[in-house]
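Working notes for the structure below.
The values are calculated or read from the model by the stated rules, or taken from the named source; none is laboratory data. In this text the structure is predicted, and so the values were computed from the model without any measurement. Backbone-built Cβ (ideal geometry, glycine too); neighbour counts: all protein chains shown.
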Amino acid sequence: MILKHITLITVALIALAGCQGSGKRAGSVTKQKSSSVKLIKAPQFNADSAYSYVEKQVAFGPRVPNTKEHLLCADYLSSEMKRFGADVIVQDAPVTAFDGTELKAKNIIGQFNPEKRNRILLFAHWDSRPFADHDPDPQKRNTPILGANDGASGVGVLMEMARQINKAGINMGVDIIFFDAEDYGMPDHIDVKYKPDTWCLGTQYWCKNPHRKDYTARYGILLDMVGAPDAVFYQELYSKKFAPNLVDRVWNTAADQGYLSYFSFEDGGQIVDDHVYVNKLRNIPSIDIIQHEPMSETNFNAYWHTHEDNMNNIDRATLKAVGQILLEVIYSEK
Ligand code: AHN
Ligand code: ZN
């Protein structure tokens, strides 16, 4: 006991001496400490509820722009985000697809602590692909997919994060954006001249027309295909190029939380996805957490852009890994 007190006094004296040496008063140090914001502990991500949000979206059927199912799902997503306490903006994003179709896209934007200057951006696409161009059955390639993993999984994780953020409160400003018309990109094997930038149309529109003038954020995190059983998330190369520190932080958090079976420190592919436009057009350092299978023909999950991308392709454990890691990352923000 006495020894402990002596140690404490010694520490205090050294600290005081250190402050005087640097020309600061000891009092100012105390003041700084008491005014700093208290860190809130990361809440527990509930995988069952995330799963049910994925299921709910898929139950609408394919969510292809200009369809009734798409409109119904937009209403569902915006009303859920309001229920979770977010300030919601549904942004009309008129865009033109690779084949000339005018798409009535809608970006759904949920803001937490909208008055705060320090913000974090989390995003995923909510539309599903109008074709199944990688389906093994050629007869089925021209019909829209359910996109349980490719679309609904990222949105489901972000919805559960929103619910937790609302319950626990958070010091930072957080924006959760569900981007539209990501997956209307030009198919590989058609007989027309290649056109650039046909994917991520909702994101490109928002980058040029953000919901707030001069919108910016400390960083952005994109979730794409984050629900399949045994998914592995490699370090995607655009993410490493534009936001290397954030890649480090997320992957190290995965290690700390015991999720290394899902997060590999090895390099993944270079994937043109929504984050590329957020990096290039809005200068917000952003990463993509995306399942990548370097040994497969498409580089993605075997069910990618097929009719097998349904609820059988969704596993609660994967949703939990991604959601818990992201909660830990954003709640450790100072
Ligand atoms: C390309 O295939 C060019 N990018 C992948 C983006 C994507 C499609 N993510 C989901 N579906
Ligand atoms: Zn897709």
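Per this entry, Leu246 is not counted among residues that are modelled with pLDDT of 95 or more, of a type outside the set (S, T, N, Q) and surrounded by fewer than 17 Cβ atoms within 10 Å (Cβ to Cβ).
The C-beta contact set for the range 188-216 (first residue on the phi > 0 side of the Ramachandran plot, second residue of a type outside the set (Phe, Trp, Tyr) and assigned to a loop (DSSP other than H, G, I, E, B), distance under 8 angstrom, 6+ apart or interchain) comprises Cys200/Ala181; Cys200/Glu182; Cys200/Gly185; Cys200/Val272; Cys200/Asp273.
The single condition among (1) farther than 21 Å from Val64 by Cα; (2) within 16 Å of ligand 2 (Cβ to nearest atom); (3) of a type outside the set (S, T, N, Q) that Glu115 does not meet is (2). Among the residues of the range 37-66, those identified as over 30 Å from Glu328 (Cα atoms) and either in contact with a Ser or Thr (Cβ under 9 Å, 6 or more places away or on another chain) or buried (at least 18 other Cβ atoms within 10 Å of the Cβ) (or both) are Phe60, Gly61, Pro62, Arg63, Val64, Pro65, Asn66.
Can you work out which of the residues in the range 135-146 that are over 23 Å from Asp180 (Cα atoms) and exposed (fewer than 13 other Cβ atoms within 10 Å of the Cβ) is nearest to ligand 1 (Cβ to nearest atom)?
Going through the qualifying residues, I end up with Pro136.
Annotation: Asp197 fulfils all but one of (1) in contact with a helix residue (DSSP H, G or I) (Cβ under 7 Å, 6 or more places away or on another chain); (2) under 24 Å from Glu80 (Cα atoms); (3) more than 13 Å from ligand 2 (Cβ to nearest atom); the unmet one is (2).
Apart from one condition, Ala59 fits all of (1) more than 19 Å from the chain's Cα centre (by Cα); (2) closer than 17 Å to Ala181 by Cβ; (3) not basic (Lys, Arg); the exception is (2). Applying the condition of being touching an Asp or Glu at 6+ places or on another chain (Cβ under 8 Å) and of a type outside the set (A, V, I, L, M, F, W, C) to the range 157-173 and asking which residue is surrounded by the most Cβ atoms within 10 Å (Cβ to Cβ) yields Gly173.
Is it the case, given these coordinates, that Pro65 is at negative phi and within 16 Å of ligand 1 (Cβ to nearest atom)?
On the way: at negative phi: yes; within 16 Å of ligand 1 (Cβ to nearest atom): yes.
Spelling it out, Pro65 is indeed at negative phi and within 16 Å of ligand 1 (Cβ to nearest atom).
Among the residues of the range 277-311, just one is more than 16 Å from ligand 1 (Cβ to nearest atom) and free of Cβ contacts under 8 Å to residues at least 24 places away in the same chain, namely Met295. Just so you know, in the range 164-200 the residues that are within 12 Å of ligand 1 (Cβ to nearest atom) and within 19 Å of the chain's Cα centre (by Cα) include one that is nearest to Tyr53 (Cα to Cα), and it is Phe179.
Considering Ala105, Ala97, Ala152, Ala132, the condition of being within 16 Å of ligand 1 (Cβ to nearest atom), within 16 Å of Tyr184 (Cα to Cα) and either among the basic types (Lys, Arg) or within 18 Å of the chain's Cα centre (by Cα) (or both) is satisfied by Ala152 alone. One residue stands out among those in the range 201-213 that are in contact with a strand residue (DSSP E or B) (Cβ under 8 Å, 6 or more places away or on another chain) and away from ligand 1 (no atom under 16 Å from the Cβ): the one that is nearest to Pro114 (Cα to Cα), which is His211.
Of Ile108, Ile145, which residue is over 28 Å from Tyr219 (Cβ atoms) and touching a Ser or Thr at 6+ places or on another chain (Cβ under 8 Å)? Show your work before the answer.
Working: Ile108 fails: over 28 Å from Tyr219 (Cβ atoms).
Within the list Ile108, Ile145, the selection yields Ile145.
Looking across Gly269, Gly323, one residue alone is on the phi < 0 side of the Ramachandran plot, touching an Asp or Glu at 6+ places or on another chain (Cβ under 9 Å), small (Gly, Ala, Ser) and without any contact (Cβ under 8 Å) to a residue 40 or more places away in the chain. It is Gly269.
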